[in-house]
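Encoded as C-alpha cells, the structure appears first; notes follow it.
The values are calculated or read from the model by the stated rules, or taken from the named source; none is laboratory data. Every value quoted in this text rests on a predicted model; they were computed, and no experiment measured them. Cβ: placed from backbone, ideal geometry, glycine included. Neighbour counts: every protein chain shown. These area figures cover heavy atoms from the full protein model, side chains too; ligands, DNA and RNA do not enter into them. Shrake-Rupley method; radii C 1.70, N 1.55, O 1.52, S 1.80 Å.
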Amino acid sequence: MRAFERGAEAHALDKRTAVLAMKPLHLHVTLAASNHLAMNGSRMTVMLFAASLGASPAVVGLLAAMYGVVSAFVAVAVGRWIDRVGPRRPILLASSMVTLGALVAGAWHELPALFVAAPLMGTFNSMFQMTTQQTVGRYGKPEDRPANFSLQSLAISTATFTGPVVAGLAIDHLGYGNSFFLMAAFGFAPIAVVWMGLLQLPPRREHPKETATPVSGWALLGDRELRRAYIAAASNNGIWSIWGFMLPLYGHSIGLSATRIGTLAACLAVATILVRIFTARLVRRFASWPLIVASHLMMGAGFLAMPFTANFLLLAAFAFLIGIGLGLSGPLSTAAMFDASPPDKVGEVIGLRMTMANLAQTLVPILSGAVGSALGVGPVFWTVAALLAADSWANRDKLSRR
C-alpha cells in the first residue's frame, strides 16, 4: 500500500513538473504577473497606509513617485546587465528585493519604512518586467513574438487589475501589515519556482566580441527601423500616463460622478484585455505594423472626439476605442522593437523604453496639468490626437508591408 502511495505521489509530481515544463512561456508570464501584482497591490497599500499615518498629500505623492524615479536613471544599465548575464539572476534578484520591500513595510509600521519599500518594489519590479520582455521574445520562432508579447501584456493587464483588488480586500479584512505580507508572498513565488528549476528558460545566444554592436545607449536609436518601433512603444507609455491623469480632471469638469469616471477607466481597461485575447489571430491576418498604425488612428479618433461630448455612453464608447488601440499597440510595438534591436542589445533597448516610461509617469502629469490648467482639457486631448495622426502618417508605408 505504501509503495502504491509513493508511486502515486511520484507520478503526480512528475506530471506537475511535466506540465510546468511543457509551456515555459505561460509559466514565465504568470511569474511576471505575480511580481507585478505584488508591486501594484503594494502601491495602493502604501498610499492608503501613509494617509492613515497622517501623511500630507505632498508626501503621498512623493511616495508614488519613488516607485519609478530610481528606475528612470538605472534602466539602461540594468538592461545591459540583463543582456550580459541572462534572465535567471535578474529574476531571482528582482523577486528577492520586491519581497524584501513588502516585508519591510509589513514589519516596520512607520512612514520611513514606506520610503524604503516604495523604491525597492518599484525599481526591482521594473527589472523583472525588463527581464521578461527580453526573454519572452526568445521563446519559439521570430514570427511567434507578437503572440508572445500579447500573452505577456494580457498577464500584466490582469495583474494591474487584480493587484489593487486583492490589496483592498486584504486591508479591509486583515489590516495593512498583513496586506504587505500577502504581497510579499506573491513576490516570493518566482523565487521558489526558479530556484526549484521548474522554469525552462530559452537558450542564450552567444555573441562574439567581433560581432558586437559598436553603438550603445541612445545612439542605438540612430537606426531608422528601431527608432520607429521605439517611438510607437514609448508613445504607448505616454498615453497611459495622460489617460490616467486627465480622465479624472475631464470627468470632474463635466460633472461626472466618481463612479462614472471609474466606469470609463474600466471600459478602457476591459478593451485592452479583450483585444489582447485576439491579437495573435489579428497579426496572422493583417501583420504587426498595419495594426500598430490602425491602433494609433483609433486612439487619435477617441482623443479627438472626447472633448466634444459630455454624453456618458459616447464617452464610454470612445474610452473603449482608445482601449482597443492601447491593447493592440502595446505588445505589437514591443515585438517590433525587439525585432529591430541588435541581438546583443535587446535588454539595453528595453531599458531605454523603461527610462522613457518612468519619465512619462513623472513629467506627463506635470506638463499636461499645466496645459490643462491654462487652456482646458480639450487642447491636451487634441494634441495627443494630432501626434498620433502624425505618427500614423510617418509610418504609412508600413501599411503595404507584411
Per DSSP H run of n ≥ 4, the term is -39500 (n - 2.57); total these for the chain, divide by its residue number, and report the mean residue ellipticity at 222 nm rounded to 500 deg cm²/dmol. -28500 deg cm²/dmol
With Kirkwood's inverse mean 1/r over C-alpha pairs for Rh, give me the Rg to Rh ratio of segment 211-303, two decimals please. 1.09
Which percent of Cα-Cα pairs in segment 313-362 sits in each 10 Å bin, short to long? 23, 36, 28, 11, 2
By the mean-Cβ-within-10 Å protection proxy, highest first, 387-394, 242-249 rank as 242-249, 387-394
Rounded to one decimal in nm, the spacing of the 7 Å Cα→Cβ label points at residue 110 and residue 399 is 6.2 nm
Rotationally averaged projected area of segment 184-341 (alpha carbon convex hull; nm²): 13.6 nm²
Binned at 5 Å from zero, the C-alpha pair distances of segment 117-188 give percents of 3, 14, 18, 21, 16, 12, 8, 5, 2, 1
So for the chain, if I pair up every lysine 8 or more residues apart or on another chain, how many of those pairs have alpha-carbons under 28 Å apart? 9
Report D for segment 288-346 in µm² per second (integer): Stokes-Einstein, Kirkwood Rh on Cα pairs, 4 °C, 1.567 mPa s. 103 µm²/s
Can you compute the modelled spin-label distance between residue 259 and residue 56, with each label point 7 Å from Cα toward Cβ, in nm? 3.5 nm
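Please report, in debye to the nearest 20, how large the charge dipole of the chain is about its Cα centre when each Lys and Arg carries +1 at its beta carbon and each Asp and Glu carries -1 there. Kindly include the intermediate steps, with their values, before the conclusion.
Numbers: 30 positive and 17 negative charges, 195 e Å.
Once rounded to the nearest 20, the dipole reads 940 debye.
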More than 25 angstrom separation, counting every C-alpha pair in segment 250-402; what % is that? 36 percent
Starting at the first residue of segment 66-82, write each ³J(HN,Hα) from the Karplus equation 6.51 cos²θ - 1.76 cosθ + 1.60 with θ = phi - 60°, in whole Hz, x for Gly and Pro. 5, 5, x, 5, 5, 4, 4, 9, 10, 4, 5, 4, 5, x, 4, 5, 4
Could you derive backbone 3J(HN,Hα) for segment 127-144 from the dihedral phi with the Karplus parameters 6.51, -1.76 and 1.60 (θ = phi - 60°), listing whole Hz in sequence and x where the residue is Gly or Pro? 4, 5, 5, 5, 4, 4, 5, 5, 8, 4, x, 9, 7, x, 9, x, 6, 7
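Just to make sure I understand: if all protein chains stay in place, what is the order of 23, 345 by accessible area at 1.4 Å, largest first?
Values: 23 115, 345 30 Å².
Of 23, 345, the descending order of accessible area is 23, 345.
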Compute the distribution of all C-alpha to C-alpha distances in the chain, in bins of 20 Å from 0, and list the percent of pairs in each, rounded to whole numbers. 26, 58, 15, 1
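Take each of the peptides 92-104, 136-148, 189-201, average the number of other beta-carbon atoms within 10 Å over its residues, and list them starting from the highest.
On the way: 92-104: 22.5, 136-148: 18.8, 189-201: 16.4.
With the highest mean Cβ count within 10 Å placed first, the list reads 92-104, 136-148, 189-201.
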When the accessible area of the chain is split by element with a 1.4 Å probe, what percent falls to carbon and sulfur? 69 percent
Rounded to whole Å², per residue accessible area for the chain with a 1.4 Å probe reads 46 Å²
